[in-house]
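The values are calculated or read from the model by the stated rules, or taken from the named source; none is laboratory data. As the structure is a computational prediction, the values presented were derived from the model and not from experiment. In this analysis, Cβ positions are derived from the backbone assuming ideal geometry, glycine residues included, and neighbour counts consider all displayed protein chains. The accessibility values were calculated without ligands, DNA or RNA, using every heavy atom of the protein model including side chains. Shrake-Rupley method; radii C 1.70, N 1.55, O 1.52, S 1.80 Å.
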Amino acid sequence: MTDTTTAFSLPFDTTPSPAKRAEAEREAILADPGFGKHFTDHMVSIAWSEAEGWHDAVVKPYGPLVLDPAAAVLHYAQEIFEGLKAYRWADGSVWTFRPEANAERLQRSARRLALPELPEAAFVAAIEHLVRIDKEWVPGALETSLYLRPFMIASEAFLGVRPAHGVDFHVIASPAGAYFSGGIAPVSIWLSEDWSRAGRGGMGAAKTGGNYAASLLPQAEAYEQGCQQVLFLDAEERTYVEELGGMNVFFVYRDGRVVTPELGTILEGITRSSVIRLLEERGHVVEERRFAIDEWRSGVESGEIVEAFACGTAAVITPIGRLKARDFEIGAPDAEPGALTMSIREELTDIQYGRRPDHHGWMHRLA
Ligand code: PLP
Ligand code: COI
């Protein structure tokens, strides 16, 4: 556990909000935060230009951005983002989980989107500043958190198609309850057979808005089918399971083996890599490999596959009860959550909320 302030040479200039929400209003929001609906009193911004590099780091009142209508992000979607959470521990302290992993992933996304790389120390310092000034917005109830959304946009006003010379990085924060309204009940997912999320050589491994834009139509189909999430297959053969619209997936075998789709066209989830580590420490063999949708089907039919779950920062670990496809179904909507799914969920959330020791140095104190 590290609880030191991260050194970053850029000074942050702070302007406290003159319009902070009153305590009663904040408490009413924190009592039922939902997901992504409410935002704290402040935000962080850091500017980048070709000439000056990263500069003008500020903590300022939360509010609308001023963007030129010709800003490149609005036309060519040169944008990347991250998602991580701040957790309130029983003693009142506030911590986050593996922020350096999010910082590194933002750098990898930046390379793919031809955006400048933000130094890891700047990323972590930005989060520390925001959470410290908005500490009261970190909810304390079970399984709640403050969701942090760092993002970077091409703000240069220029309609030529080339990497922007002017970019802004911002961090906003939103108190969060469960991502799925049913809490941790098993979810139903819809198999997208017509649409792909990402192809070989595309942007699938980057956390960029375009991938989520591509998921919205199939996600709408999922809702029409009574499912909460959409599952994508590989774009070339439409055979191999990739990931959900906003989560990675795992399959548990009766013999204790666990399979998760290999990296390449999927997002390299920080929850995914943490779950792999925790499973391996318990002695499970974790196979990162191509996993055909038919292997899931036949594995469930034969009783070889006994659990499936989704994982991600927003969704934590969520059991998958049923997959619905055009011509077949796997599992059942009222399936019981799997035992391994629930115990890995408990281990991970216990570490995140300080209920058991952090042997991996994953937790980082913010306030
Ligand atoms: N896959 C997609 C498409 C996501 O949006 C997310 C969420 O961030 C994940 C996987 C899980 O990543 P992480 O565990 O880092 O939140
Ligand atoms: C996250 O888990 O952080 C995500 O970005 C997923 C999104 C569906 C909210």
Taking region 299-322 and keeping only residues that are open to solvent by less than 30 Å² (accessible area, probe 1.4 Å) and in contact with a helix residue (DSSP H, G or I) (Cβ under 7 Å, 6 or more places away or on another chain), one is left with Ile305, Glu307, Phe309, Cys311, Gly312, Val316, Ile317, Pro319
Quick one: would you say Gly83 is within 16 Å of ligand 1 (Cβ to nearest atom) and either of a type in the set (S, T, N, Q) or open to solvent by 30 Å² or more (accessible area, probe 1.4 Å) (or both)? no
Of the residues in region 272-287, those that are within 15 Å of ligand 1 (Cβ to nearest atom) and either under 19 Å from Phe232 (Cα atoms) or open to solvent by 10 Å² or more (accessible area, probe 1.4 Å) (or both) come to Arg272, Ser273, Ile276, Arg277
When region 124-168 is checked residue by residue, the ones that are of a type in the set (S, T, N, Q) and more than 28 Å from Gly92 (Cα to Cα) are Ser155
Pairs returned, first residue in region 147-163 that is at pLDDT 95 or above, second residue that is exposed (fewer than 15 other Cβ atoms within 10 Å of the Cβ) and among the small types (Gly, Ala, Ser), beta-carbon separation under 6 angstrom, 6 or more apart or interchain, are Ala157/Ala70; Leu159/Ala70; Pro163/Ala114
Kindly indicate whether Gly264 is over 28 Å from Phe81 (Cα atoms) and away from ligand 2 (no atom under 16 Å from the Cβ). no
Result of the Cβ filter at 9 Å on region 349-361, keeping first residues that are open to solvent by less than 40 Å² (accessible area, probe 1.4 Å) and partners that are part of a loop (DSSP other than H, G, I, E, B) and among the aromatic types (Phe, Trp, Tyr), at least 6 apart or interchain, is Ile351/Trp362; Gln352/Trp362; Tyr353/Trp89; Gly354/Trp89
Flagged pairs (Cβ under 6 angstrom, 6 or more apart or on separate chains; first in region 313-342, within 16 Å of ligand 2 (Cβ to nearest atom); second open to solvent by 30 Å² or more (accessible area, probe 1.4 Å)) are Ala314/Tyr179; Ala315/Tyr179
Of all strands (runs of 3 or more DSSP E) fully inside region 75-123, the set with 1 or more residues that are out of contact with any strand residue (DSSP E or B) (no Cβ under 6 Å at 6 or more places or on another chain) and under 18 Å from Leu146 (Cβ atoms) is 94-97
Checked Val131, Val73, Val161 against criteria (open to solvent by less than 10 Å² (accessible area, probe 1.4 Å) and either in contact with a Leu (Cβ under 8 Å, 6 or more places away or on another chain) or over 21 Å from Val316 (Cβ atoms) (or both)); the one match is Val131
If you go through Gly140, Gly36, the only one that is surrounded by fewer than 19 Cβ atoms within 10 Å (Cβ to Cβ) and more than 16 Å from ligand 1 (Cβ to nearest atom) is Gly140
Counting only residues that are open to solvent by less than 70 Å² (accessible area, probe 1.4 Å) and assigned to a loop (DSSP other than H, G, I, E, B), region 45-64 contains a total of 1
